[in-house]
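The values are calculated or read from the model by the stated rules, or taken from the named source; none is laboratory data. This structure is a prediction, so every number in the text was calculated from the model and none was measured. Glycine also receives a Cβ, built like all others from the backbone with ideal geometry; neighbour counts cover every protein chain displayed.
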Amino acid sequence: MENHRSQYSNSGHNSNPEHPFSQSQPLSWAETTEGGWNFQEVLGILQRRWLTISGVTTAVMASIVVGLTLNPTKPEYEGNFQILVEPVNDDSKTVDVVKEPNSSQSGLDYDSQIQILKSPVILGDIFKHIQVTYPDISYDSLAQALDVSQLQGTKIIQVSYRNNDPDQVKFVLDTTAQYYLEYSKEKRQTKLRQGLQFVEQQLKLSQNRVDQLQQQLQTLKQKYNLNDPETETEALNTETAALTGQKQAIIFQLAQSRANLNLLQRPDGATAALINAALYQQLIAQKNQLDAQVAAESTRFQPNNPALQSLKDRRDSLLPLINQEAQRFLDTKRAEIVTGIKILEVQSQALAKREQELEQKRKQLPILSRQYTDLQRRLQVAIESLNRFLSTRENLQIQKSQTEFGWQLIQAPVRPGYPVTSSSLKRNLISGLVASILIGIGVALLLEKLDSTYNTIKDLKEKVQLPLLGSIPFEKQVQTEQDRHFTQNIPLINLPKYFSEFLPDSNVATVQENSNYSTNFLEALRILYTNIQLLSSDRPIRSIIITSAMPGDGKSTVAFNLAQIATAMGQRVLLVDADLRKPTIHTLSDLNNLWGLSNLISTNLPVGEAIQQIPLFSQLSVITSGPIPPDATKLLSSEKMKRLMAEFHNSFDLVIYDVPPLVGLADVSLIAPHTDGILMVVKIGKTQSLVLKRAMENLKLSRLNILGIVGNGEKTSFHNY
């Protein structure tokens with residue numbers, strides 16, 4: 001105790017009480033429901049509930065055996081007769097070849113014929129005749145006892161009947177044979193005639209339907225000049241492309257003509273256009289020649305010289321002619337351009353009108369195509385129906401001619417003299433066993449459907465959308481000790497010898513070579529510890545709460561064993577029993593509970609006085625719950641508790657709090673905000689899903705950080721490595 005007090009007081013950790021995970025957002029939680037089971041899940045269910053299946057199977061089989069013993073079956077008599085329904089000579093082959101040249105099979109559909117013979121229409125008349133002599137017989141018993149079948153590989157139909165009275169067997173078979181022979185001569189032929197009449201009527205209707213649809217299709221083609229929708233679509237696309245090219249050419253020509261017209265309106269454009277005017281150019285050439293002569297004569301004569309004056313008059317007389325010719329040429333040119341523009345505009349309007357017509361036809365084409373396709377489809381169906389009726393008429397005509405051969409009774413019914421073997425006991429027992437097993441499986445699946453617990457780790461992982469940090473396998477030793485309600489001391493986990501290299505204290509007691517628990521159990525705890533440490537890459541998790549939704553889920557066992565594993569990993573661990581209602585840690589660790597957490601909160605007891613150590617683990621410290629207080633909630637919500645938790649957090653590498661279950665208690669909500677998060681323990685096959693859902697909803701409302709869940713008690717079949 002003294003050594004630990006000095007260690008507690010000289011801790012080098014920061015005294016800041018803040019926790020890196022305390023302000024994080026809580027994990028979202030939702031429970032999913034499965035729509036069904038796959039094959040592997042069904043096998044798992046059968047394996048888990050084999051006791052239920054065995055019990056139900058045994059009970060049902062026992063009732064069957066008792067029923068067979070108390071109600072022995074009476075001896076039964078069986079008789080039969082045989083009827084030849086098709087001729088065995090070569091004439092039948094001729095009929096078959098006419099009906100189907102490539103077929104060598106019989107023309108009679110035996111399965112359908114047998115169903116007709118057993119139908120209420122025929123069997124009902126037989127029952128009326130039999131009931132006159134045997135009024136106690138019922139239609140259901142007659143239908144069940146009368147067996148009609150084809151003799152394998154022959155053209156013979158065999159009829160059998162079984163009953164406790166041999167005279168009744170003989171009478172029923174005689175009546176049935178007589179009625180079947182009459183049916184073959186009259187009623188079967190009548191059915192064929194009725195079938196032919198029906199087919200003839202349907203043929204007329206089908207032919208009228210085909211003619212009507214062909215007329216509608218022809219009218220549609222003539223009205224809209226429609227040949228084939230796909231061909232019409234291709235033609236429309238081709239013409240539209242051609243119109244687009246013509247329209248672009250006309251637009252280009254219009255733009256060019258309007259540009260030429262605008263150019264003629266300007267002086268420079270008119271001058272450029274007059275270059276191509278031949279008469280105008282001749283007049284200009286004459287004027288230029290006269291100008292040259294006037295210039296030449298002006299050097300020789302006076303301005304009023306008659307010869308010079310004559311040249312000037314001739315030159316001046318050309319000027320009006322030049323202007324007139326220029327004006328005429330330009331007017332002609334403008335008229336030509338304007339006329340060309342009008343022609344192009346008319347062509348453009350014609351193209352636009354044609355485009356509108358094509359667009360309208362394009363819009364109308366899908367409707368026409370749909371009508372065309374619908375008519376084609378309906379016509380095809382009508383033609384197929386017509387062909388089927390034609391084929392059916394031919395078949396019925398062949399069957400009518402074939403049925404002229406009357407059925408022949410080749411083996412008459414006789415009165416049975418010896419009873420046949422009743423229902424085999426062995427067969428009944430086997431059938432009962434199969435039925436019992438199926439009932440047992442059904443009961444097991446029903447119980448599984450009604451079961452609201454999580455039966456496997458896979459079931460827990462799929463339904464609870466929270467991180468699964470660990471899966472603790474079922475351990476017989478732990479289960480046995482829990483079943484004894486901790487009446488004896490539970491030993492610590494004795495780790496294998498190689499684990500001692502991780503223990504930091506050289507003075508730790510020698511660890512036993514063999515573990516009291518299985519390797520799977522120890523490895524699961526190591527994986528759980530490792531997963532907890534890997535939850536954060538920035539800061540290690542320093543304090544956690546281990547709780548459960550229901551009592552008995554194993555939270556205290558997980559907390560105690562996890563503390564030992566963390567200690568073996570080199571951590572200085574403090575295990576705090578914060579369950580001030582039903583404390584367990586002191587029993588698990590074999591420590592006294594005179595002083596504990598309740599004393600630290602309610603008194604001025606130094607922390608070091610309440611901390612106890614487990615002999616084999618010097619780095620594992622335990623604070624038991626102490627005396628159970630009258631009001632645990634008041635103590636856990638006090639400021640003293642918050643200060644103590646801050647001291648624990650700063651003085652140890654890892655602090656583990658074992659707290660009461662969630663549902664119905666506020667203990668977790670009081671201390672969880674001052675830790676790094678909550679670790680939820682779920683007992684496989686025990687924790688109720690509704691209770692867990694309620695617990696998770698409470699945590700969600702409190703916005704508490706849930707690190708993940710731990711599946712406890714999984715009955716795995718894994719073997720050691």
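Quick check on my filter: what residues within segment 216-251 are closer than 15 Å to Ile367 by Cα and touching a Ser or Thr at 6+ places or on another chain (Cβ under 7 Å)?
Across segment 216-251, the qualifying residue is only Pro229.
Being in contact (Cβ under 8 Å) with a residue 24 or more places away in the chain and part of a helix (DSSP H, G or I): is that true of Ile601 here?
Here the answer is yes, as Ile601 does meet what is asked.
Scan segment 566-598 for residues that are surrounded by 24 or more Cβ atoms within 10 Å (Cβ to Cβ) and farther than 25 Å from Leu635 by Cβ and report the count.
3
Out of Gln613, Gln619, report the one residue that is part of a strand (DSSP E or B), in the same structural domain as Tyr529 (by TED's automatic domain parsing) and surrounded by fewer than 22 Cβ atoms within 10 Å (Cβ to Cβ).
After applying the criteria, what remains is Gln613.
Take Gly79 and tell me if it is small (Gly, Ala, Ser) and modelled with pLDDT under 85.
no
Output yes when any residue across segment 627-638 is of a type in the set (Asp, Glu), in a loop (DSSP other than H, G, I, E, B) and without any contact (Cβ under 8 Å) to a residue 24 or more places away in the chain, and no when none is.
Yes, there is a match, as at least one residue in segment 627-638 is of a type in the set (Asp, Glu), in a loop (DSSP other than H, G, I, E, B) and without any contact (Cβ under 8 Å) to a residue 24 or more places away in the chain.
Answer with yes or no whether Leu425 is modelled with pLDDT under 70, surrounded by fewer than 16 Cβ atoms within 10 Å (Cβ to Cβ), more than 30 Å from Val682 (Cα to Cα) and of a type in the set (A, V, I, L, M).
Against the criterion (modelled with pLDDT under 70, surrounded by fewer than 16 Cβ atoms within 10 Å (Cβ to Cβ), more than 30 Å from Val682 (Cα to Cα) and of a type in the set (A, V, I, L, M)), Leu425 qualifies.
Please verify whether Asn276 is in the same structural domain as Glu345 (by TED's automatic domain parsing), part of a helix (DSSP H, G or I), without any contact (Cβ under 8 Å) to a residue 60 or more places away in the chain and exposed (fewer than 13 other Cβ atoms within 10 Å of the Cβ), treating the condition exactly as stated.
So Asn276 does not fit the description; no.
Is it the case that Thr231 is in a helix (DSSP H, G or I) and under 30 Å from Ile343 (Cα atoms)?
no
Okay, residues lined up against (1) assigned to a loop (DSSP other than H, G, I, E, B); (2) hydroxyl-bearing (Ser, Thr, Tyr); (3) modelled with pLDDT under 90; (4) assigned by TED's automatic domain parsing to the domain that holds Arg694:
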position	(1), (2), (3), (4)
Leu535	yes, no, yes, yes
Thr557	no, yes, yes, yes
Phe560	no, no, no, yes
Gln571	yes, no, yes, yes
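Within segment 293-306, can you find the residues that are aliphatic (A, V, I, L, M) and surrounded by 11 or more Cβ atoms within 10 Å (Cβ to Cβ)?
Within segment 293-306, Val294, Ala296 meet the criteria.
Failed condition for Ile251, given (1) hydrophobic (A, V, I, L, M, F, W, C); (2) under 30 Å from Gln376 (Cβ atoms); (3) in the same structural domain as Leu386 (by TED's automatic domain parsing), with all others met?
(2)
Please determine whether any residue of segment 307-314 is in a helix (DSSP H, G or I), at pLDDT below 80, loosely packed, with under 13 Cβ neighbours inside 10 Å and not polar (S, T, N, Q).
The answer is yes, given that some residue of segment 307-314 is in a helix (DSSP H, G or I), at pLDDT below 80, loosely packed, with under 13 Cβ neighbours inside 10 Å and not polar (S, T, N, Q).
Under the condition of being modelled with pLDDT of 85 or more and closer than 15 Å to Leu220 by Cβ, which residue from segment 331-378 is surrounded by the most Cβ atoms within 10 Å (Cβ to Cβ)?
So, considering only residues that are modelled with pLDDT of 85 or more and closer than 15 Å to Leu220 by Cβ, the one surrounded by the most Cβ atoms within 10 Å (Cβ to Cβ) is Arg378.
Scan (1) within 21 Å of Leu644 (Cβ to Cβ); (2) within 41 Å of the chain's Cα centre (by Cα) for the single condition Ser598 breaks and write down its number.
Going through (1) within 21 Å of Leu644 (Cβ to Cβ); (2) within 41 Å of the chain's Cα centre (by Cα) one by one, Ser598 breaks only (2).
Return the pair list, or none, for Cβ contacts closer than 7 Å from residues in segment 302-327 that are within 28 Å of Leu264 (Cβ to Cβ) to residues that are in a loop (DSSP other than H, G, I, E, B), at least 6 apart or on different chains.
Matching pairs, first to second residue: Glu325/Ala277.
Given (1) farther than 30 Å from Gln168 by Cβ; (2) modelled with pLDDT of 70 or more, identify the lone condition not met by Pro416.
(1)
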